[in-house]
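Right, one structure below, let's go through it.
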């Protein structure tokens with residue numbers, strides 16, 4: 001069947017009950033009621049602290065075939081995922097479905113657990129390191145489901161991603177299961193992505209290296225959601241969790257792209273009092289944030305709220321009084337962690353609050369401008385932020401689909417070439433974010449505005465911007481780097497890309513180059 | 001050889017190492033008026049041959065947009081410099097930037113080697129001897145389109161420390177600018193070496209402008225925008241220049257002897273300055289509502 005972007009997807013996909021094709025960013029209207037965790041009871045005097053992970057897993061009733069979940073707030077410093085998986089493997093439990101909220105480290109042992117049948121399905125994870133390759137090799141029985149930051153809590157709340165046991169790495173926990181990420185040696189700031197898992201999993205196990213007496217002063221995940229607390233010596237490597245302040249880029253190409261993005265933002269007329277803004281943590285985004293600071297100070301503009309991956313740079317905007325509020329679903333550096341702990345205008349929010357399209361209003365709906373990156377953009381403005389040029393899934397969609405759909409102005413900032421690979425192509429390998437939600441593509445060689453946004457084109461014409469058509473940019477990229485050979489695929493589907501509303505926007509097939517490797 | 005490259009706008013001239021294909025490919029995007037593919041200081045001796053081949057192919061194959069393409073050759077007094085000249089003649093860049101020039105003879109010798117190949121010359125004066133011979137070097141042949149100053153080697157030759165304020169360079173810079181103007185060619189200023197010091201670059205460029213320089217070398221793409229901005233006239237200056245030229249033309253048409261605007265005489269130097277302001281504005285895309 002055909003989705004609204006024009007892509008063909010199969011009528012049936014292994015492991016998937018229903019294949020609903022993507023029909024437009026807000027075409028699908030949900031019905032029915034939310035899922036719910038089972039009722040439970042803790043009697044006075046009962047304790048939640050459990051001596052060992054093995055005991056907590058036993059008490060949680062984890063059995064073959066169940067689903068376990070993790071968050072990615074400890075990022076590349078996370079030790080909890082491996083600690084839990086190793087213990088589960090030792091206990092002989094198999095055939096589990098794994099789900100995580102985003103990037104996490106993938107050591108050899110993780111792949112071994114897949115090979116040994118401990119993990120046999122993945123329901124949303126970010127396929128970094130060797131995990132993408134393992135999936136491309138066909139190690140799993142069923143395709144991996146890829147969801148956005150808003151799409152994942154939506155799926156949990158809709159009952160499409162039921163979680164049996166959620167393991168929550170907690171930088172600080174009290175003895176009755178209140179958790180936060182701002183205190184303790186492994187502090188990571190916000191725990192926003194773990195909130196849906198904590199609310200909807202049948203059983204919640206917190207794993208902490210900073211167990212404190214009851215009650216905790218700052219609560220991100222409350223005791224009412226947590227069944228057990230397991231103290232361990234170390235939940236992660238702090239040097240890889242929240243690093244020192246992420247500094248501005250000195251890459252002249254990124255600075256040039258950022259300067260053009262600022263011109264686009266100004267020309268759009270959206271940089272006005274009460275303006276809201278989201279940018280990422282890449283070089284271009286940080287440079288945009290720096291230039292935006294200068295413009296807002298010069299024009300004496302005070303914005304409304306900031307969102308996204310929060311860094312010291314974002315915190316600087318809040319502390320200079322240029323914005324009222326930070327909504328923080330993930331903190332990226334120590335400045336952001338410290339700010340979350342001390343500044344009442346720096347607010348921790350859940351992924352559902354941030355980006356779930358099927359609640360009573362998520363924040364992305366109120367965004368004016370978002371700056372996003374891309375691996376590839378095609379001449380229909382569709383964006384791929386998932387598969388590399390070899391067809392292997394190597395990263396994840398994050399909030400890309402969500403913010404593009406919600407914001408008034410979606411700007412993709414990308415170099416024209418990634419290394420020697422064109423970033424502007426006829427057809428992206430995988431459609432993650434549909435072109436109809438993307439407004440402007442900014443490269444170092446020119447700025448292309450989506451023809452659907454004639455209003456923006458009119459505004460940009462007077463702004464001394466190097467406007468080009470997306471086809472011109474594609475031709476320029478091909479002139480510089482040639483036209484790369486498209487990857488070849490088998491018929492086997494290894495990934496299903498959900499749109500944030502639960503429809504299927506594309507599938508990822510097995511790259512032929514990884515068959516039998 | 002004509003002097004038709006003399007009037008060209010060269011606010012910023014960006015050095016790009018001749019052995020770095022990635023930088024050569026991306027350098028046109030930063031808006032430098034001239035791109036100097038460098039075969040001299042930024043290329044190790046062991047890589048000179050490869051860099052020469054790369055630079056020739058880049059000139060013949062790549063699209064550098066509207067930028068002027070220059071090559072900084074090694075000193076023609078060296079073996080590497082001679083190879084540069086022989087190899088690069090086939091690619092015929094617009095300009096050779098010639099380092100460490102100290103005499104008119106060096107330029108005349110190079111002029112005869114280039115024969116009919118239409119390549120302009122931008123000598124860099126970077127020794128006390130070179131600085132003192134600036135006027136004869138600039139006047140030696142019509143291929144010389146501009147004189148430029150090189151601070152680092154000059155300071156070494158003088159045995160003085162480079163400072164952020166640059167007082168040790170004041171006399172030499174002034175002399176180079178003056179000799180260029182006396183010879184009817186443009187004056188181009190030395191590089192500002194600290195690429196992370198934006199404020200220092202601004203001050204140094206303002207100093208160059210105050211001394212009469214019309215452009216400045218850049219060693220990082222990040223310097224190009226700042227240099228271009230400072231050498232680009234402000235809207236009020238552009239408006240004034242338009243008024244001067246309009247008043248002047250109208251006066252000439254009506255046969256008026258002494259043309260004045262707001263009580264001030266418009267004579268030939270005033271007209272020339274106004275024309276240059278508009279040329280700079282044009283280069284910056286500030287005229288005609290076009291895109292940069």
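The values are calculated or read from the model by the stated rules, or taken from the named source; none is laboratory data. Bear in mind that the values here come from a model prediction, so they are computed numbers and not experimental data. Here the Cβ is made from the backbone with ideal geometry for all residues, glycine too, and neighbour counts use every protein chain on show.
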*asked:* If I filter region B:36-50 for residues that are within 14 Å of another protein chain (Cβ to nearest Cβ) and either free of Cβ contacts under 8 Å to residues at least 40 places away in the same chain or touching a helix residue (DSSP H, G or I) at 6+ places or on another chain (Cβ under 6 Å) (or both), do I get at least one hit?
replied: no
*asked:* Can you go through A:502, A:435 and tell me which one is crowded, with 17+ Cβ neighbours inside 10 Å, in contact with a strand residue (DSSP E or B) (Cβ under 8 Å, 6 or more places away or on another chain) and more than 23 Å from residue B:29 (Cα to Cα)?
replied: A:435
*Within region A:229-248, how many residues are free of Cβ contacts under 8 Å to residues at least 60 places away in the same chain and either touching a helix residue (DSSP H, G or I) at 6+ places or on another chain (Cβ under 6 Å) or away from chain B (no Cβ under 14 Å) (or both)?*
1
*Filter region A:447-464 for residues that are surrounded by fewer than 21 Cβ atoms within 10 Å (Cβ to Cβ) and not in a helix (DSSP H, G or I); which is nearest to the other protein chains (Cβ to nearest Cβ)?*
A:464
*Consider residue A:281 carefully, then state whether it is more than 14 Å from chain B (Cβ to nearest Cβ) and assigned to a helix (DSSP H, G or I).*
no
*Just name the residue that is farthest from residue A:381 (Cα to Cα) out of those in region A:469-489 that are crowded, with 19+ Cβ neighbours inside 10 Å and more than 13 Å from every other protein chain (Cβ to nearest Cβ).*
A:489
*Which listed residue is away from chain B (no Cβ under 14 Å) and over 26 Å from the mean Cα position of the chain (by Cα), from A:226, A:212, A:205*: A:212
*Test set (1) free of Cβ contacts under 8 Å to residues at least 12 places away in the same chain; (2) under 17 Å from residue A:152 (Cα atoms); (3) in contact with a strand residue (DSSP E or B) (Cβ under 9 Å, 6 or more places away or on another chain) - residue A:72 fails condition number*: (1)
*asked:* Could you go through region A:249-272 and let me know if any residue there is under 24 Å from residue A:352 (Cα atoms) and more than 14 Å from chain B (Cβ to nearest Cβ).
replied: no
*Scan A:313, A:304, A:389 and give me the residue that is assigned to a loop (DSSP other than H, G, I, E, B) and more than 18 Å from residue A:73 (Cα to Cα).*
A:389
*Given (1) over 13 Å from the mean Cα position of the chain (by Cα); (2) crowded, with 23+ Cβ neighbours inside 10 Å, where does residue B:35 come up short, assuming only one miss?*
(1)
_One residue from B:201, B:175, B:108 being in contact (Cβ under 8 Å) with a residue 24 or more places away in the chain and within 14 Å of another protein chain (Cβ to nearest Cβ)_ = B:201
*Kindly list the number of the only condition in (1) away from chain A (no Cβ under 14 Å); (2) within 22 Å of residue B:215 (Cβ to Cβ); (3) at pLDDT 95 or above; (4) within 19 Å of the chain's Cα centre (by Cα) that fails for residue B:55.*
(4)
*Among residues belonging to region A:284-301 that are without any contact (Cβ under 8 Å) to a residue 24 or more places away in the chain and assigned to a helix (DSSP H, G or I), point out the one that is nearest to residue A:194 (Cα to Cα).*
A:294
*Restricting to region A:194-206, what's the tally of residues that are touching a strand residue (DSSP E or B) at 6+ places or on another chain (Cβ under 7 Å) and surrounded by 24 or more Cβ atoms within 10 Å (Cβ to Cβ)?*
8
*Check whether at least one residue in region B:187-195 is touching a helix residue (DSSP H, G or I) at 6+ places or on another chain (Cβ under 6 Å), surrounded by 18 or more Cβ atoms within 10 Å (Cβ to Cβ) and within 14 Å of chain A (Cβ to nearest Cβ), and report yes or no.*
no
